[in-house]
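A short write-up of the structure that comes next.
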Amino acid sequence: MRRGEESFYVDPLTLEPLTLAEEEIREGNEVVSGVLASPSGHRFAIRQGVPDLVYPFELPAIDRQALQQYEERADAYDRYLPLTFSTYGEDEQTVRNAMVDKLELRPGAIVLETGAGTGRDSEIIARRLGAEGRLYIQDLAPSFLAKNIERLRGVATRVEPALANGYYLPFAENSFDACFHFGGINAFGDIRRAFAEMARVTKPGGKVVVGDESMPPWLRDTEFGRILMNSNPEFVYPLPLEKLPVEARKTRLEWIIGGVFYVIDFVVGVGEPPADLDFPIPGMRGGTHRTRYYGQLEGVTPEAKRLAAAARAATGKSMHQWLDDVVREAARRDLGHGD
Ligand SMILES: C[S@@+](CC[C@H](N)C(=O)[O-])C[C@H]1O[C@@H](n2cnc3c(N)ncnc32)[C@H](O)[C@@H]1O
């Protein structure tokens with residue numbers, strides 16, 4: 001970890017700033033070992049220059065299992081991964097470059113990649129960022145991250161690796177120009193939180209791009225779908241659309257790699273989408289979107305409803321205006337508030 005970099009990280013639970021505490025050993029500008037501490041007393045070790053910011057300290061069973069599986073597969077991963085693409089006659093570099101295109105990067109950008117694995121996308125992203133850019137590569141599995149660090153050694157871009165959980169990101173909000181994840185999110189212990197975290201740490205207007213396996217619904221009951229889902233249960237994972245954050249704007253979904261992986265990309269907005277919910281809606285019903293939602297009263301008898309419709313028509317008002325006037329007048333009378 002580069003000296004001074006500690007100020008960019010935060011406690012992944014409390015989001016408090018971290019400071020370097022104890023035992024830091026510096027080689028030139030590198031902190032090769034030490035401890036990052038937060039005011040709450042959480043401590044995160046730095047080993048061989050890599051901060052371990054994984055939270056929760058005791059991972060849920062699903063993440064412990066994933067971590068163990070990935071750690072066992074680290075050596076074979078790069079050997080067999082090309083099959084994921086060649087099965088469908090796809091060129092891995094073309095596919096990965098197209099995914100990275102969706103980040104709409106410019107040189108000099110600051111980018112986070114979670115679940116970065118052995119760096120097959122990281123090296124493409126790093127190339128796009130140039131010497132002025134910064135790429136934060138994170139993974140839960142130390143042996144995957146080690147291979148990634150090795151792969152990216154020598155790239156012009158400044159690369160900052162850390163062990164971290166993709167759904168507890170150790171960064172303040174609005175830290176990144178863009179955020180990328182491919183291949184692991186389906187099995188994260190909290191997918192909704194992972195999306196929310198990516199939106200939180202990405203600046204408004206920045207892109208989030210996320211992909212993973214999911215057999216599309218229209219292929220699940222085909223021979224193609226059944227054979228693949230039987231071989232690889234990862235294809236059974238549902239599309240996580242309902243887990244996207246409310247900040248997602250201009251959201252797009254594409255099916256890639258033989259049409260059995262999804263890629264979702266969106267622009268990060270602020271809060272819920274903006275809309276004018278208060279303009280008077282022309283027409284017989286009238287009111288506004290907001291009064292229609294918040295202004296509902298108990299139902300009336302069919303006879304009272306028929307009379308109200310006739311009276312409204314006679315006055316030429318919208319139903320909203322007629323009701324509002326009638327209710328106010330009756331309320332004032334019954335509350336004894338004379339005009
Ligand atoms: C299938 S690999 C994909 C790696 C890389 N993105 C690629 O496309 O080759 C999934 C990666 O997600 C990581 N991972 C799994 N669960 C994670 C979590 N909760 N937080 C961060 N990374 C996680 C794994 O260690 C592994 O490196």
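Computed from the coordinates by the stated procedures, all read-outs in this text should not be read as laboratory data. Predicted model, so just to flag it, every value in this text is computed and none were measured. So basically every Cβ, Gly included, is an ideal-geometry build from the backbone, and we count neighbours across all protein chains shown.
State, to one decimal in nm², a quarter of the convex hull surface area for the C-alpha atoms of segment 289-334, i.e. the direction-averaged projected area.
One quarter of the hull surface, i.e. the mean projection, equals 3.7 nm².
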E150 label point, 7 Å along Cα→Cβ, cut-off 17 Å on backbone N: hits in segment 37-53? 48-50
Here the FRET efficiency for L335 versus A275, based on Cβ atoms and R0 = 25 Å and rounded to 0.05, is 0.15
Only helices counted: for the chain, with every DSSP H run of 4 or more residues adding -39500 (n - 2.57) and the sum spread over all residues, [θ] at 222 nm is -10000 deg cm²/dmol
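Taking 30 Å as R0, compute the FRET efficiency from the Cβ-Cβ separation of Q65 and E30 and round it to 0.05. Kindly include the intermediate steps, with their values, before the conclusion.
Numbers: r = 33 Å, r/R0 = 1.11.
Rounded to the nearest 0.05, the efficiency is 0.35.
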Give me Rg/Rg_expected for segment 1-51, where Rg uses Cα atoms only and Rg_expected = 2.2 N^0.38 Å with N residues. 1.03
Given Y136, P240, T84, which one lies farthest toward the positive end of the charge dipole of the chain, if we put +1 on the Cβ of every Lys and Arg and -1 on the Cβ of every Asp and Glu? P240
Count of lysine pairs, segment 54-268, Cα-Cα under 24 Å, sep. 8 or more residues or interchain, comes to 8
Would you mind computing, in nm to one decimal, how far apart the modelled labels at E223 and A313 are, each placed 7 Å from Cα along Cα→Cβ? 6.3 nm
Charges at C-beta only: +1 for Lys and Arg, -1 for Asp and Glu. How large is the resulting dipole of the chain about its Cα centre, in Debye rounded to 20? 1120 debye
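With the Cα gyration tensor of segment 54-268 in hand, convert its eigenvalues to equivalent ellipsoid semi-axes via √(5λ) and list them largest first in whole Å.
25, 19, 19
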The orientation-averaged projected area of the Cα convex hull of segment 156-201, in nm², is 3.7 nm²
When the chain is treated as a GNM, springs tying every alpha-carbon pair under 10 Å, which of I256, I110, I25 comes out with the largest mean-square fluctuation? I25
Semi-axes a, b, c in Å (a largest) for segment 82-207, each sqrt of 5 times a Cα gyration tensor eigenvalue, come to 20, 18, 15
When only DSSP loop residues count, what trypsin sites (Lys or Arg not before Pro) in segment 1-96 have their Cβ near at most 15 other Cβ atoms within 10 Å? R3
Difference of contour (0.36 nm per residue) and Cα-Cα distance, Q321 to A98: 74.9 nm
